[in-house]
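*Asks:* Take a look at the following structure, please.
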Amino acid sequence: HKAYLGQKQFSIEGLDMTVPMIDEAIELSAAAGAREVVIGMAHRGRLNVLAHNLGRPYETIFGEFEGTSSISVVKAVTEIPQGGTGDVKYHHGYQRDYELRDGGTVLVNLESNPSHLEFVDPVVLGATRAAQTSRDGARAERTPSAAVPIILHGDAAFPGQGVVAETLNLQALDGYQVGGALHLVQNNQIGFTTDFEDSRSTQWASDLAKGFDVPIFHVNADDVEASISAVRLAMAFREEFGHDVLIDLIGYRRFGHNEADEPAYTQPEMYAEIKRHERVSNLYAAKLVQDGVATKEEVDGWQQEIWDELTRLHQDLKVQIKEAQEAGSVEQPTGEYQLDRSPSPTVETAVPTDELVGLNEELLSAPEGFTVHPKLVKQLEKKREAVGDAGGIDWSQAEALAFGSLLIDGVPIRMTGQDAERGTFSQRHMVLHDAKNGQTFSPIQHLAGAQAPIELHNSPLSETACLGFEFGYSQEAPEVLVLWEAQFGDFANG
């Protein structure tokens, strides 16, 4: 704030406890068996999370504030991720092997996030589901403790954006369960310039979660120990019940929305109070001194040590940039971003006839004693005849044969969608229902030669969250063929 006065930072000040709370959640996740923690958040405090939770080097963050005129030089000396400057720096993703207090590491994955505040929520859950799922054999096995999702929300966006409700609705559904997400509402009691009474119809910003039986812990962001206790309670609840849990971290926003605007224009009384209010680091330092845990000299020394290190890194970066510019050793990178428009090589996708005939027979089979619906028997018989001389393979049969051949070749598949199991036009029937007792059987999940699993689920009538979930899954598991099927055009458009 001092070095780049007036530049957008979306600072965390007033909700500083976000960082140690995330640290505590990561530690507890690892202690419960997690190999990965997936985090999603918007812009508020993102630079702090990148620096302090993810360990992204300070100088790479400083480098992005140096301006577009020197961007090629800055990238050369700091290895800034592709994307340049401007608003992008608040949306970068990052991965790190987080070093645990008791030794060992756990992978922490901060998902990239677009400007649309809450769209990252289902992406986090999809990535978590993929990280929890073993696809080594013919059946997909899931271990909920293997990966933990942490989603940070804004107090105005949480009740304001529909994707939040869609995402909360996924938590108990078979195709989308992740063993519970930790939701943290970063509640600074304002939405840009809008007071809370103009942005929600409920008393609390977190009240939407009540409709999904999510326990909610409200905690004062100025109370350090209570904030950490809230995380411990929340994580214990998740471990015990495998259910979403929410912490409403109630604080404030010390500067304007993005440090470039004047908040006193619209909230004069609030900002007069904030100006008089002591920072949480100073409040807690005073408590530690009073309790005899540390001396004032020690606290002052720690603060000065960090300030000196930040100053040194900042000055070193400026020197490096100046030297590189004077030497003229860095050219504006352009050629590396040229698209390769040459045709992709032709891929041979044919499958031997006898293999398709055998596969087709398996796809049409059901266990002994299983009663296929009488109206469906004739449809299935037509598909048996279609691979013979008579021909007549239709779209859904071709699709099933393609999927089956991929599973035999060892390619995992995840297919979800609105009524995807039967098919919106009653054309697919990948999951059969016993006409007498309603029990289900999916032939494609029982192929004798399958080397990989297929996950197959109907999805809720969601226009956004389900698509985001599958996007997150595909990002985490690029070796899987991930498919989401919209029922009709209106859902695809959404």
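The values are calculated or read from the model by the stated rules, or taken from the named source; none is laboratory data. Keep in mind the model is a prediction, meaning the values are calculated, not measured. Don't worry about glycine lacking a Cβ; one is built from the backbone with ideal geometry, like all the others, and counts go over all protein chains shown. The protein model used for the area step is the full one, side chains on, heavy atoms only, and it has no ligands, DNA or RNA in it. Shrake-Rupley method; radii C 1.70, N 1.55, O 1.52, S 1.80 Å.
*Asks:* Among the residues of segment 159-185 satisfying the criterion of being part of a helix (DSSP H, G or I) and touching a Phe, Trp or Tyr at 6+ places or on another chain (Cβ under 7 Å), which is surrounded by the most Cβ atoms within 10 Å (Cβ to Cβ)? I'd like the intermediate steps shown before the answer.
*Replies:* So in segment 159-185, the residues part of a helix (DSSP H, G or I) come out as 159-160, 162-168.
Cutting the leftovers down to touching a Phe, Trp or Tyr at 6+ places or on another chain (Cβ under 7 Å) gives us 163-164, 168.
Numbers: Val163: 21, Val164: 23, Leu168: 21.
Only one residue tops the list, namely Val164.
*Asks:* For segment 140-158, which positions are of a type outside the set (A, V, I, L, M, F, W, C), surrounded by fewer than 24 Cβ atoms within 10 Å (Cβ to Cβ) and more than 16 Å from the chain's Cα centre (by Cα)?
*Replies:* Glu141, Arg142, Thr143, Ser145
*Asks:* Another question, then. What's the total number of residues in segment 411-429 that are open to solvent by less than 10 Å² (accessible area, probe 1.4 Å) and either in contact with an Asp or Glu (Cβ under 6 Å, 6 or more places away or on another chain) or more than 22 Å from Gly472 (Cα to Cα) (or both)?
*Replies:* Final tally of qualifying residues: 4.
*Asks:* What's the number of the only condition in (1) open to solvent by less than 30 Å² (accessible area, probe 1.4 Å); (2) β-branched (Val, Ile, Thr); (3) under 16 Å from Leu359 (Cα atoms) that Ile408 fails to meet?
*Replies:* Among (1) open to solvent by less than 30 Å² (accessible area, probe 1.4 Å); (2) β-branched (Val, Ile, Thr); (3) under 16 Å from Leu359 (Cα atoms), Ile408 violates only (1).
*Asks:* On to the next question. For segment 165-216, which residues satisfy the criterion of being of a type in the set (Phe, Trp, Tyr) and under 18 Å from the mean Cα position of the chain (by Cα)?
*Replies:* To start, the set of residues in segment 165-216 that are of a type in the set (Phe, Trp, Tyr) comprises 176, 192, 196, 204, 212.
Hit for segment 165-216 is Tyr176, nothing else.
*Asks:* Also, quick follow-up: (1) open to solvent by 40 Å² or more (accessible area, probe 1.4 Å); (2) in a loop (DSSP other than H, G, I, E, B): which one isn't true of Ala286, the others all being true?
*Replies:* Unmet for Ala286, out of (1) open to solvent by 40 Å² or more (accessible area, probe 1.4 Å); (2) in a loop (DSSP other than H, G, I, E, B): (2).
*Asks:* When you scan segment 40-52, do you find a residue that is free of Cβ contacts under 8 Å to residues at least 12 places away in the same chain and either part of a helix (DSSP H, G or I) or at positive phi (or both), even just one? Step through it out loud before you land on a result.
*Replies:* So the first thing to find is which residues in segment 40-52 are free of Cβ contacts under 8 Å to residues at least 12 places away in the same chain, and the list is 51.
Right, trim to either part of a helix (DSSP H, G or I) or at positive phi (or both) and you get 51.
Yes, segment 40-52 contains a residue that is free of Cβ contacts under 8 Å to residues at least 12 places away in the same chain and either part of a helix (DSSP H, G or I) or at positive phi (or both).
*Asks:* Hey, Glu479 hits all of (1) of a type outside the set (Phe, Trp, Tyr); (2) assigned to a loop (DSSP other than H, G, I, E, B); (3) open to solvent by less than 70 Å² (accessible area, probe 1.4 Å) but one; which does it fall short on?
*Replies:* (3)
*Asks:* Turning to a different aspect of this structure: Can you name every residue in segment 26-55 that is over 11 Å from Tyr98 (Cβ atoms) and of a type in the set (Gly, Ala, Ser)?
*Replies:* Answer for segment 26-55, where residues must be over 11 Å from Tyr98 (Cβ atoms) and of a type in the set (Gly, Ala, Ser): Ala31, Ala32, Gly33, Gly40, Ala42, Gly45, Ala51.
*Asks:* Within segment 330-439, which helices (runs of 4 or more DSSP H) (wholly inside it) include 1 or more residues that are under 24 Å from Gly137 (Cβ atoms)? Reasoning before the result, please.
*Replies:* Working: elements: 353-363, 374-386, 395-408.
The qualifying helices (runs of 4 or more DSSP H) are 353-363, 395-408.
*Asks:* Separate question: Looking at Leu117, Leu110, which one is at pLDDT 95 or above and either surrounded by fewer than 22 Cβ atoms within 10 Å (Cβ to Cβ) or farther than 30 Å from Ala448 by Cβ (or both)?
*Replies:* Values: Leu117 fails: at pLDDT 95 or above.
So the residue among Leu117, Leu110 that is at pLDDT 95 or above and either surrounded by fewer than 22 Cβ atoms within 10 Å (Cβ to Cβ) or farther than 30 Å from Ala448 by Cβ (or both) is Leu110.
*Asks:* Looking at Ser281, Ser206 in this structure, which one is under 27 Å from Ala25 (Cβ atoms) and in contact with a strand residue (DSSP E or B) (Cβ under 7 Å, 6 or more places away or on another chain)?
*Replies:* Working: Ser281 fails: in contact with a strand residue (DSSP E or B) (Cβ under 7 Å, 6 or more places away or on another chain).
Criteria check complete, one pass: Ser206.
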